[in-house]
Amino acid sequence: MKFLKSLFEWIVIIVVAFVLSLVIRNFVIDTRIVPTGSMLPTIQLDDRLIVDRLFYKFDMINRGDIVVFKSTKDMVSEEEDLVKRVIGLPGEEIQIKNGKVFVNGKALYEPYIAEAPAYEYGPVTVPPNSYFMLGDNRNDSKDSHIWGFVDSDLILGRVWIRYWPLDRFGKVNQIPPDYFSEK
């Protein structure tokens, strides 16, 4: 009898831990391992990230935020989650020319990119409830300049902390204080 009571207690503990794990992972925070170099130099290949899935929903998505979103078959050959930087907000005009990204005709100051984009794009207007995403490794990133806009319903969360490797532990989103002042 004592054995059955102990076994039941262990089963309850395991079930509660499993349910809590599912709730936390699906609604509060999640983790990601970055499989590509599309966000270099900001995020390195195989960095481990903590993604805020809850609190970002009470805040606006801003230009410069690094987000995780579900891909569609138009974006990649198989559905997977992608990590990119938000560049264009709903209703804004985006254009890429002469190695610079322009939002509503103003060049962005982007000290975090690997190199200036070597392609031309736009001008296009970001539709309602959509975002224009670019990787920081502009010339080696499949992003909105190839497959278009990301619907807000596909966004899973905002990248919050890099937890591995330990020597780069810390907050990932480093947004310039003034995106529109050229340096």
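How do the peptides 113-126, 5-18, 136-149 rank, highest first, by the average count of neighbouring beta carbon atoms within 10 Å per residue?
Working: 113-126: 15.3, 5-18: 9.9, 136-149: 18.5.
Going from most to least packed, we get 136-149, 113-126, 5-18.
Considering only Leu89, Ala17, Ala107, and ranking their Cα positions along the charge dipole of the chain that arises from unit charges at the beta-carbon of Lys, Arg, Asp and Glu, the one farthest toward the positive end is Ala17. Averaging the Cα positions of each part gives two centres, and for region 157-171 and region 103-153 these lie 23 Å apart.
Considering the chain at the alpha-carbon level, its Rg and Dmax are found to be 19.7, 78 Å.
Given the pairs Lys70/Lys142; Lys73/Lys97; Lys84/Lys106; Lys70/Lys106; Lys97/Lys171, which span a C-alpha to C-alpha distance of over 23 angstrom in this model?
Details: Lys70/Lys142 14 Å; Lys73/Lys97 28 Å; Lys84/Lys106 21 Å; Lys70/Lys106 29 Å; Lys97/Lys171 31 Å.
Over 23 Å Cα-Cα: Lys73/Lys97; Lys70/Lys106; Lys97/Lys171.
Between Ser21 and Thr72, the contour length at 0.36 nm per residue exceeds the Cα-Cα span by 15.7 nm.
Residues in the chain average 58 Å² of solvent-accessible surface per residue, probe 1.4 Å, ligands and nucleic acids excluded. Taking all Cα pairs closer than 8 Å and separated by 6 or more residues, the relative contact order of the chain comes to 24 percent.
The charge dipole of the chain, taken about the Cα centre with unit charges on the Cβ atoms of Lys, Arg (+1) and Asp, Glu (-1), comes to about 560 debye, rounded to the nearest 20. Taking trypsin sites (Lys or Arg not before Pro) across region 31-116, the ones in a DSSP loop with at most 13 further Cβ atoms lying within 10 angstrom of their Cβ are Lys73.
Note on region 95-164: Cα Rg divided by 2.2 N^0.38 Å, N the number of residues, gives 1.18.
Using a 1.4 angstrom probe on heavy atoms only, work out the carbon and sulfur share of the accessible area of the chain in %. Working shown, then result.
Details: 6410 of 10700 Å².
Using a 1.4 Å probe with all protein chains present, the chain comes out at 60 percent carbon and sulfur.
Relative to the present Cα-Cα distance, how much length would full extension add between Asn139 and Lys57 at 0.36 nm per residue of separation? Working shown, then result.
Working: separation 82, 0.36 × 82 = 29.52 nm, distance 3.07 nm.
Length difference between fully extended and current span is 26.4 nm.
The values are calculated or read from the model by the stated rules, or taken from the named source; none is laboratory data. Computed from a predicted structure; not experimentally measured. Using ideal geometry, Cβ is built from the backbone for each residue, glycine included, and neighbour counts are taken over all protein chains shown. With ligands, DNA and RNA removed, areas are computed over all heavy atoms of the protein, side chains included. Shrake-Rupley method; radii C 1.70, N 1.55, O 1.52, S 1.80 Å.
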